Amino acid sequence: MENTQIAISSFGGPETLVMQSTEIPTPQTGEVLVKVAFASVNPIDVKTRAGLGWAAEQNKDQLPWVPGYDISGKIEALGEQAQRFVVGDNVAGFIGFPLQAGGYSQYVCVPESELSLVSDAITLEAAAALPLAGQTAAQALSNAELKEGERVLILAGAGGAGHLAVQFALATKAEVYTTCSEANLDYLATLGAHAINYNFEPVSQRLNQVDVLIDLVGGDAALDALKCLSDNARVVTVPTNTAEMICEKAQMLGFSATGMLVDPQPEQLDTMLYMVSVGLLKVEIFNIFPMNQVVDAHKQIETGHTRGKVLLDMQS
Ligand SMILES: NC(=O)c1ccc[n+]([C@@H]2O[C@H](COP(=O)([O-])OP(=O)(O)OC[C@H]3O[C@@H](n4cnc5c(N)ncnc54)[C@H](OP(=O)(O)O)[C@@H]3O)[C@@H](O)[C@H]2O)c1
């Protein structure tokens, strides 16, 4: 049997993603072999493929590179001393972050410590969608120390990280405002947020007295959103390319501001999987592409207008 992977051997457009065949790897001590059902596509996969950002800089001499940080699937084999799971368990994880990745594979070996058990109450699709985006959302809100009753503005509430951030903020009993285009107004209102159409007028014309800004857009949208903040507001800006500029501007205006790099924490994924299993968290899946349509999956993320998450079906 072969292991088909999606790899890049040079940085560039979506067409640089090609199928390659390798042997199915053997799990080393403390590792398990996962037969991957679904891998999710994140903006960092797309940026790194294009040669942009820190992960691309670090990996430039180590191509080919197999993208993919989010996987769900089934345990196929156990390495020595791997004892958390048994063969046949369903698992999900945020793997090989930030440099190694490797999730766009039909089979991948992963340290068992990077994985969470997926119960029968959760689909493997939802489980693959959660790790990177969900932990980004949870960690951004926790870095901002959002509290009950506070007013939070989440830029890009309809996106992969955003739709989960909106739900976590609502669970904190905060007053949640979010920006989106017209197509997502109803969706976000149904989740329970006050949705503001950023195409109609800048959010700063519509909102004030915001205690916490969670910026998932960066650039000019974030600079405009700073005008909505109350004294002593806190800002967490998530896109890394504009974080320094936005933090500087926010701090000049007297706010506390920080960028972030998401940190894989399997226990946090355990909690999110539990929330999904009991109906406290809803995962929005925009589309599931067969693995041989990965180029289209990357083009979809590049539109910048994906609602929820895009997945790759790694066994189709
Ligand atoms: N630092 C880290 O550790 C880290 C981790 C994860 C993600 N990120 C970064 O965070 C950003 C968000 O990630 P993601 O996975 O959520 O991306 P995503 O799923 O691709 O976001 C797409 C969403 O962005 C919305 N959007 C686009 N332009 C907008 C604007 N001007 N104002 C408001 N919403 C807008 C779109 O909504 P409409 O269609 O309604 O416009 C769409 O739903 C990306 O830049 C990503 O690279 C950083």
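Helix 266-277 versus the longest principal axis of the chain: what angle, 0 to 90°, nearest 10, using Cα atoms?
Roughly 80 degrees, rounded to the nearest 10.
Rank W65, W54 by accessible area, highest first, at a 1.4 Å probe radius?
Largest to smallest exposure gives the sequence W54, W65.
Would you mind calculating the relative contact order of the chain from Cα pairs under 8 angstrom and at least 6 residues apart, reporting the percent as a whole number?
Answer for the chain is 19 percent.
For the chain, take the longest principal axis of its alpha carbons; what is the angle in degrees between that and the long axis of helix 131-143, to the nearest 10 within 0 to 90?
40
Can you work out the FRET efficiency for the pair S230 and E302, with r the C-beta to C-beta distance and R0 = 30 Å, to the nearest 0.05?
0.25
Tell me whether the stretch 135-259 comes out rounded, prolate or oblate; compute the Cα gyration tensor, take square roots of the eigenvalues as a ≥ b ≥ c, and use a/c under 1.5 as the rounded threshold. Mind showing how you got there, number by number?
Working: a/c = 1.42, a/b = 1.24, b/c = 1.15.
Rounded is the answer for the stretch 135-259, as its axis ratio a/c remains below 1.5.
Do any of K173/K282; K173/K309; K60/K227; K35/K309 go past 28 Å between their Cα atoms, and which?
Those over the limit are K60/K227.
Would you mind checking the tilt of helix 243-252 against the longest principal axis of the Cα atoms of the chain, expressed as 0 to 90 degrees and rounded to 10?
Between the helix axis and the principal axis of the chain, the angle is about 20 degrees.
Where the centre of each part is set by its Cα atoms, how far does the stretch 180-255 sit from the stretch 259-282, in angstrom?
Centre-to-centre distance over Cα atoms comes out at 23 Å.
Report the accessible area of K47, computed with a 1.4 Å probe over the heavy atoms of all protein chains in place, in Å² rounded to the nearest 10.
Accessible area, nearest 10 Å²: 90 Å².
Lys and Arg at +1, Asp and Glu at -1: add these up for the other residues within a Cβ distance under 14 Å of A137 and post the number.
Net of charged neighbours comes to -2.
Near the amide H of E175, under 5 Å away, which other amide H atoms are found, from residues 5 or more places off or on another chain, if H is placed in the peptide plane?
G149, E150, R151, V152
Can you compute the label reach from E23? Point 7 Å from Cα along the Cβ direction, backbone N cut-off under 18 Å, restricted to the stretch 88-130.
Residues passing the 18 Å test: 106-110.
May I ask you to list the GluC sites (Glu not before Pro) in the stretch 29-121 that are in a DSSP loop and have at most 16 other Cβ atoms within 10 Å of their Cβ?
Answer by residue number: E80.
So, by mean Cβ neighbours within 10 angstrom, what's the order for 189-201, 128-140 with the highest one leading?
Most protected by this proxy first, the peptides run 128-140, 189-201.
The values are calculated or read from the model by the stated rules, or taken from the named source; none is laboratory data. On a predicted model such as this, the values are computed, not experimentally measured, just so you know. Neighbour counts are summed over all protein chains in view; Cβ atoms, including those assigned to glycine, are modelled from backbone coordinates with ideal geometry. For accessibility, only protein heavy atoms count, side chains too; no ligands or nucleic acids. Shrake-Rupley method; radii C 1.70, N 1.55, O 1.52, S 1.80 Å.
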